[in-house]
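In what follows, a structure is listed as structure tokens, so that the remarks can point back to it.
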């Protein structure tokens, strides 16, 4: 029983801010932590709606396909995973792995959309003959792939691509002296890289409780959303 | 497919006919320079340089970048964004091909993201 709970909770803390419901089932500890996780959920929901609105307003009418790709990419990194984390447990019940897979895949798809958009030349005039490096050739062995494999693939690839996009945004900030890019870099770092590190690196090392790791992942997510929202509005 | 030069292509060709525009492009083909530096290099007045830079920028041959001087003030530098222009003539007509310089993805990311805000 105890093991069962532990094994179902560790991934919760990992990929994603978890759901209050499961926190209640899983934790053996303080109601305060569970309450805090709940609060971070509400904040995340509000921020992610704000971000979606900003992205829509920003893109509207520009007609630029690369800008659309960036907007959709950021949507998949911010709003969509937040909605998934709230909606799946509500509709499907306890589906931890499904939720992690859906949320992390959404982040990965968003990051890849951004990478493709920024690596595509701005305007290609007529018959430009130039070889371009292919981006991230993903080779998946043709063995039987279970949902666990997919979870682990999404888990390991997303932080890698997330680190690359963070680095691009950081360099964008350094080269162009652009404050919004600095906050965007921080946001992407907290949304796509830090939660995994917290779950697999620091959490177990510090011996954090399940509810504690869960809260850390949620806080990282909220921090990331806050940073992206600030970057879109004030920075 | 009879190729008819677009307005943009005609504008680019007539710009390249301009001595100062060519000198500017050569000077900023490798590294970005400010209008002041370009005035020295091209032996022209700053207003002359600015007029050419405006036209080059309008037709996407030059991109402006922000730079910081040692006192922390912003100023603009310019970098050529075209790498090669070729004119191909065959039975179908004249095809003008412009190959743009490959841009740093970080700069492209910044430009696109700031466009969204």
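The values are calculated or read from the model by the stated rules, or taken from the named source; none is laboratory data. Please read all numbers here as calculations on a predicted model, not as lab measurements. Glycine gets a Cβ as well: all are built from the backbone with ideal geometry, and neighbour counts include every protein chain shown.
What the table below lists for this structure:
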item	result
Hits in the stretch A:124-171 - residues which are at pLDDT below 55 and within 14 Å of chain B (Cβ to nearest Cβ)	A:124, A:125, A:126, A:127, A:128, A:129, A:130, A:131, A:132, A:133, A:135, A:136
Flag for residue B:52 being within 8 Å of chain A (Cβ to nearest Cβ) and surrounded by 15 or more Cβ atoms within 10 Å (Cβ to Cβ)	no
Failed item in (1) surrounded by 13 or more Cβ atoms within 10 Å (Cβ to Cβ); (2) part of a strand (DSSP E or B), with residue B:12 passing the rest	(2)
Condition broken by residue A:60, with the remaining ones in (1) touching a residue at least 12 places away in the same chain (Cβ under 8 Å); (2) over 18 Å from residue A:116 (Cα atoms) satisfied	(1)
Some residue of the stretch A:179-190 being at pLDDT 95 or above and more than 14 Å from chain B (Cβ to nearest Cβ)	yes
Check on residue B:26, surrounded by fewer than 17 Cβ atoms within 10 Å (Cβ to Cβ) and assigned to a helix (DSSP H, G or I)	yes
Positions within the stretch B:89-117 being more than 16 Å from residue B:25 (Cα to Cα), within 9 Å of another protein chain (Cβ to nearest Cβ) and assigned to a strand (DSSP E or B), in sequence order	B:95, B:96, B:97
Residues that are farther than 24 Å from residue A:116 by Cβ, free of Cβ contacts under 8 Å to residues at least 40 places away in the same chain and surrounded by 10 or more Cβ atoms within 10 Å (Cβ to Cβ), drawn from the stretch B:68-86	B:68, B:84, B:86
Criterion violated by residue A:170 - all others in (1) farther than 28 Å from residue A:98 by Cα; (2) within 12 Å of the chain's Cα centre (by Cα) satisfied	(2)
Some residue of the stretch A:196-207 being modelled with pLDDT under 95, more than 14 Å from chain B (Cβ to nearest Cβ), in contact with a helix residue (DSSP H, G or I) (Cβ under 7 Å, 6 or more places away or on another chain) and within 22 Å of residue A:70 (Cα to Cα)	no
Residue selected from the stretch A:61-86 under the condition in a loop (DSSP other than H, G, I, E, B) and more than 10 Å from every other protein chain (Cβ to nearest Cβ), by the criterion modelled with the highest pLDDT	A:78
